Amino acid sequence: MPPSPDKPALEDELGDVLEKAARNVPLSIEGLALAAGVDSGRLQDALDYRPELTQAEIGRLARVLDLNEVGLNALAQGAYPEAELTGLPFLVHPLHMPFGVGVANAYVVSTGGDTAILFDTGASHAELHRAWPARIQQLESVYLTHYEAEHIGGLEVVLQETGLDHFYGPANGRWSQCRGLGEGETVHYDRISVTAFHTPGHAAEHNCYLIRDTTGVSGPGLLISGDLIFAGSLGGGYFCCQRQLTHSRRILALLADDTIIAPGHGPLTTAANERRFNPFLAS
C-alpha cells in the first residue's frame, strides 16, 4: 500500500535499516550473512522487503551490526511503537507531500495569529500550496535543513511570493539568499526561539533546528531533524556514515525525553521513543 500523505508510513523498513547498518560497519551483504550465521538468500529477501527472518536470526544480525534488538524486531513485525505526542506549547502544521514513491515533510510553526515560520519547502511549490494550512497567511522566515530536491523544491517561489530576501540554512556558497547558521546559533522571535545544530552526514551541508517556547509556557521542544533522525531509523549517510551516526547520537543526547522530533520523512516521534526503540540509537 502506498504511503498516505495524511499519515506517512515509517521511512525505513527492516531491509533499509539492515542495509544502512551494513554500510556503517562496513560489511558486504555476503559478509554480513556469514558473520551473523544467516542464509544469504534469506537475508537478501529481507533486504528486498520480504522479511521472514526468525527472532534468533534478527538477534544475531543486531549483535553483528551493533543495533538494538528490540527495535529491530519491532520493525520486522511491522509493529514499531508510535510515540505519544502531547503538550507542544506552540502550533505546528506538518505538511506531508508525495515525492516519488515516498513522502517528504515540511513544517509550518506558528509564531502567533496567522504568522509562521516554514521549515523546508517540499519537492515543488504546487505540492506545498496543496498542503498549506489556510489559517497561515504570512511567513516571517524560511529555514532549510539541507539542499536535496525534495526539501527545497518550493523555495524560489516561496521567497518571491512572500517578499523575503533570505532564508536560513547550513552555510554554503551556492545561494546568495542564504544566511548560514552554524552550531548553536539562535534566532529569536516574539514567542519562540530557533537554535541550529550542524549535523553533516546525510549531506555535507545539513542542519537540525530546536524550537523552544520563550513565553514561559511549559511544554516540550520541537526538533526539526531533517534527514538526521527518523522514527525507527536514521537518514542515509551518503556524505559520511560515521558522522551521520555520531551526530544522531549527539543530538539525541541533548534532548529532553518529551522533545518531539519532526523528521524530513516519516511520522513524528519523540526523543524518549527513539532512545528506547530506534535500532541505531537505543541502548
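Using Cα atoms only, what is the angle between the long axis of helix 55-65 and the major principal axis of the chain, expressed in degrees (0 to 90) to the nearest 10?
Value to nearest ten degrees: 70.
Please give the Cα centre distance for the range 207-227 versus the range 75-114, rounded to the nearest Å.
Computed from Cα coordinates, the inter-centre distance equals 13 Å.
Taking N as the number of residues in the chain, what is its Cα Rg relative to 2.2 N^0.38 Å?
1.01
Give me the angle, in degrees from 0 to 90, between the Cα long axis of helix 14-24 and the longest principal axis of the Cα atoms of the chain, rounded to the nearest 10.
Orientation of helix 14-24: about 90 degrees from the principal axis.
Got the relative contact order for the chain handy, in percent, Cα pairs under 8 Å and 6 or more residues apart?
Dividing the mean separation by the residue count of the chain yields 18 percent.
Sort 11, 183, 69 so that the residue with the fewest other Cβ atoms within 10 Å of its own Cβ comes first and the one with the most comes last.
183, 69, 11
Under 17 Å from a label point 7 Å along Cα→Cβ of residue 93: give me every residue in the range 135-156 with its amide N that close.
135-143, 154-155
May I ask for the angle, rounded to the nearest 10°, between helix 241-254 and the longest principal axis of the chain, with both axes built from Cα atoms and the value confined to 0 to 90°?
60 degrees
Can you give the net charge of the other residues whose Cβ lies under 11 Å from the Cβ of residue 87, counting K and R as +1 and D and E as -1?
-3
Counting other beta carbons within 10 Å of each Cβ, put 108, 70 in order, fewest first.
Sorted ascending by nearby Cβ count, the order is 70, 108.
Going by C-beta contacts inside 10 Å, put 7, 20 in order with the fewest on the left.
So the residues, fewest neighbours to most, are 7, 20.
Could you work out how much longer the chain between residue 63 and residue 175 gets when fully extended? Use 0.36 nm per residue separation minus the Cα distance between them, nm to one decimal.
Stretched out fully, the residue 63 to residue 175 stretch lengthens by 36.0 nm.
Where a number appears in this text, it was derived from the coordinates with a stated rule and is not lab data. These numbers were taken from a predicted model, which means no experiment stands behind them. As a convention, Cβ positions derive from the backbone with ideal geometry for all residues, glycine included, and neighbour counts pool all protein chains shown.
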